[in-house]
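Just below is one structure, and these are the notes that go with it.
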Amino acid sequence: MKTQATTAVENSAATGGLQHTFSGENLALISMPIADATGFGLTKMWYDVIVDYNYNNYTLSTGTVGHFTQVMWADSVHLGCAHAVDINGNTQVACEYDPPGNFATVAAHQENVNQPI
């Protein structure tokens, strides 16, 4: 997972923008040094998209909910993350989940993205 995350973040950093490389991936671009960022802060940023998620039918969700659903995907049990400074001097982070989530079926979402209790 770490190797995939390193590859993904290097690909993305080389462009200066967020570029997905693999399925089951969350990316972030931050303007602070990585030493000032936290895993909690990055995960919260991805999780907070929950407000746009429709649990009855994910296809009716508004906005981009893939970051949230990948964080919550029940079948994903391994995680690897890496960071790099991009060509613009910003810090990029890539986190790779295994097995990857976000399968584009309503049934898969119902099985893997549980409502908070």
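The values are calculated or read from the model by the stated rules, or taken from the named source; none is laboratory data. Quantities reported herein were computed from a predicted structural model and do not represent experimental measurements. Cβ placement follows ideal geometry from the backbone for every residue including glycine, while neighbour counts extend to all protein chains displayed. We work out accessible area using only protein heavy atoms, side chains counted, and drop any ligands, DNA or RNA first. Shrake-Rupley method; radii C 1.70, N 1.55, O 1.52, S 1.80 Å.
Within a Cβ distance under 14 Å of Leu42, other residues only, what is the Lys/Arg minus Asp/Glu net charge?
Here the charged neighbours net out to -3.
Among residues other than Thr91 whose Cβ falls under 14 Å from its Cβ, what is the net charge (Lys/Arg +1, Asp/Glu -1)?
Once all neighbours under 14 Å are counted, the net charge is -3.
At 222 nm, what value in deg cm²/dmol follows for the chain if DSSP H runs of at least 4 each add -39500 (n - 2.57) and the sum is divided by all its residues, to the nearest 500?
-9000 deg cm²/dmol
Just for the Cα atoms in region 1-56, what are the lengths along the principal axes, largest first, rounded to whole Å?
Taking the Cα atoms of region 1-56, the three principal extents are 38, 27, 21 Å.
Using θ = phi - 60° and the Karplus curve 6.51 cos²θ - 1.76 cosθ + 1.60, what whole-Hz ³J(HN,Hα) does each residue of region 42-58 get, with Gly and Pro shown as x?
For region 42-58, the Karplus-derived couplings read 5, 5, 4, 4, 5, 5, 4, 6, 3, 4, 9, 8, 9, 5, 6, 7, 4 Hz, x marking Gly and Pro.
Binning at 5 Å from 0, report for the chain what percent of all alpha-carbon pair distances ends up in each bin.
Pair shares across the bins are 2, 13, 22, 22, 19, 12, 7, 3, 0.
Between region 1-41 and region 76-116, how far is it from one alpha carbon centroid to the other, in angstrom?
Centre-to-centre (Cα) distance: 11 Å.
Run the accessible area of the chain with a 1.4 Å probe and give the carbon-and-sulfur part as a rounded percent.
About 56 percent, which is the carbon plus sulfur part of the accessible surface.
Residues of region 13-33 with amide nitrogen under 19 Å from the 7 Å Cα-to-Cβ point of Ile87?
13-21, 28-31
For the chain, with every protein chain kept in place, what is the accessible area per residue (1.4 Å probe, Å²)?
In whole numbers, the chain has 56 Å² accessible per residue.
Assuming R0 = 35 Å, what is the FRET efficiency of Ala14 and Asp48, from their Cβ-Cβ distance, to the nearest 0.05?
0.80
So for each of 33-43, 72-82 I average, over its residues, the number of other beta carbons within 10 Å; can you give me the resulting order with the highest mean first?
Output ranking for 33-43, 72-82: 72-82, 33-43.
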